[in-house]
1. On the given criteria, is Ile288 without any contact (Cβ under 8 Å) to a residue 24 or more places away in the chain, of a type in the set (A, V, I, L, M, F, W, C) and either closer than 19 Å to Asn225 by Cβ or exposed (fewer than 15 other Cβ atoms within 10 Å of the Cβ) (or both)?
2. List the helices (runs of 4 or more DSSP H) inside the stretch 80-192, counting only whole elements, that have at least 1 residues being within 23 Å of the chain's Cα centre (by Cα).
3. Just give me the residues in the stretch 13-47 being assigned to a helix (DSSP H, G or I) and open to solvent by less than 20 Å² (accessible area, probe 1.4 Å), in sequence order.
4. Answer with yes or no whether Leu211 is among the aliphatic types (A, V, I, L, M), farther than 15 Å from Gly127 by Cβ and either open to solvent by 10 Å² or more (accessible area, probe 1.4 Å) or modelled with pLDDT of 95 or more (or both).
5. Please go through (1) open to solvent by 60 Å² or more (accessible area, probe 1.4 Å); (2) farther than 28 Å from Phe240 by Cα for Thr78 and return the number of the only condition it doesn't satisfy.
6. Only one residue in Pro220, Pro216 is farther than 29 Å from Thr58 by Cβ, surrounded by 19 or more Cβ atoms within 10 Å (Cβ to Cβ) and either in contact (Cβ under 8 Å) with a residue 40 or more places away in the chain or touching a strand residue (DSSP E or B) at 6+ places or on another chain (Cβ under 8 Å) (or both). Which one?
7. Going by what's in this entry, would Val295 be described as in contact with an Asp or Glu (Cβ under 9 Å, 6 or more places away or on another chain) and more than 18 Å from Ile224 (Cα to Cα)?
8. Could you please find all residues in the stretch 197-226 being in a helix (DSSP H, G or I), more than 24 Å from the chain's Cα centre (by Cα) and within 17 Å of Ile179 (Cβ to Cβ)?
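The values are calculated or read from the model by the stated rules, or taken from the named source; none is laboratory data. Everything numeric in this text was worked out from a predicted model, so none of it was measured. Please note: Cβ atoms are built from the backbone with ideal geometry, for glycine as well, and neighbour counts cover all protein chains shown. Surface accessibility is based on the protein's heavy atoms, side chains included, excluding ligands, DNA and RNA. Shrake-Rupley method; radii C 1.70, N 1.55, O 1.52, S 1.80 Å.
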Amino acid sequence: MSYRWQNTLISTSSTIKDALQIIDSEALRIALVVDADNRLVGIITDGDIRRGLLKNVTLDSLVKEVMNPSPTTAPISTPRAELEAIMQEKGILSIPLLDSEQQLVDLALLNAPQKPVYQNPIFIMAGGFGTRLKPLTDDCPKPMLKVGDKPILETVIRNFAKAGFVNFYISTHYMPERISAHFGDGKWLGVDITYVHEESPLGTGGALGLLPDYLPDDLPLIMINGDVLTNVDFERLLAFHNDNNADATMCVREYEYQIPYGVIEGEHCKVTSMVEKPVQRFFVNAGIYVVAPHVVQSVPKDQHIDMPMLLEQHMEENHQVYMFPIHEYWLDIGRMDDFNRAQVDIQTIGLD
């Protein structure tokens, strides 16, 4: 990763996708929007993009649709101690520095703290039969199929561990011994692994009722399906959940569907509008959740329930359920086409 702030510059004619590529490829977690005279027009962060997606802004829209046009800035002559105090007070990681003519000349960065360690439980659903991947799953549970040179489940665990998460719980059902024999207690990966076995399939949420009682009652739990490959920023996901004081947060992915016909609308047999092959956009469930301890505790032992139904129950009780749009790489390996695509993608998405 690069730490040259000049690499984060984009023009006002750039798209949100351009900004996203910079934020994902550089280490500064920001894109700086400048005009032709190198004057700062605005800044874009990962959070700005996610908020834009929730408002139905597309990645092909111009950066002005999501940028912050009034960011915190400072003169280039501002003492370092004062800059750090401002960043600490406002909870920001950087401040653009301007000269007397308001041109962008530098970017002050808050000194990065040591990588944190998160004690939040990570619960991985790994008990499925993987019937759509037969015959590969005839003698191997789907999460243990290799993508690249590692089982899918190992890649998932390593990705969390890299972000600082150390406490893992794995739900098993189909061929559980293949999973436990490979990972053991997780010490060789620098983590702790506890296994939760489903005697019969309990749905995507039922295994929560099998978790031990000693889980921390003040830390949200992150759930993920064991066949999902993603480089989503789990730290940002957890921060989003905590900042919104959410009871549950569901990761969602934008899905587009083009109707292959002209759509006609009318009133009393009179045509009022015609749209040729319109594109419908939806948010779909990405199989990643953050749930508060009381949500975990609400699932009785051995009750079959899927996560959407569980969340609907809590919404009916006026609990706060948020959605977190992910723009990073995401692939649910459910079919053979997905498995073959993953073999290609793993070389380029930074998860191997």
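1. So Ile288 fails the test.
2. In the stretch 80-192, 152-162 are the helices (runs of 4 or more DSSP H) which contain 1 or more residues that are within 23 Å of the chain's Cα centre (by Cα).
3. Matches in the stretch 13-47: Ile16, Ala19, Leu20, Ile23, Asp46.
4. No; evaluated as a whole, the condition is false for this residue.
5. In the conditions (1) open to solvent by 60 Å² or more (accessible area, probe 1.4 Å); (2) farther than 28 Å from Phe240 by Cα, Thr78 misses (1) alone.
6. Pro220
7. Spelling it out, it is not the case that Val295 is in contact with an Asp or Glu (Cβ under 9 Å, 6 or more places away or on another chain) and more than 18 Å from Ile224 (Cα to Cα).
8. Of everything in the stretch 197-226, just one residue is in a helix (DSSP H, G or I), more than 24 Å from the chain's Cα centre (by Cα) and within 17 Å of Ile179 (Cβ to Cβ), namely Leu210.
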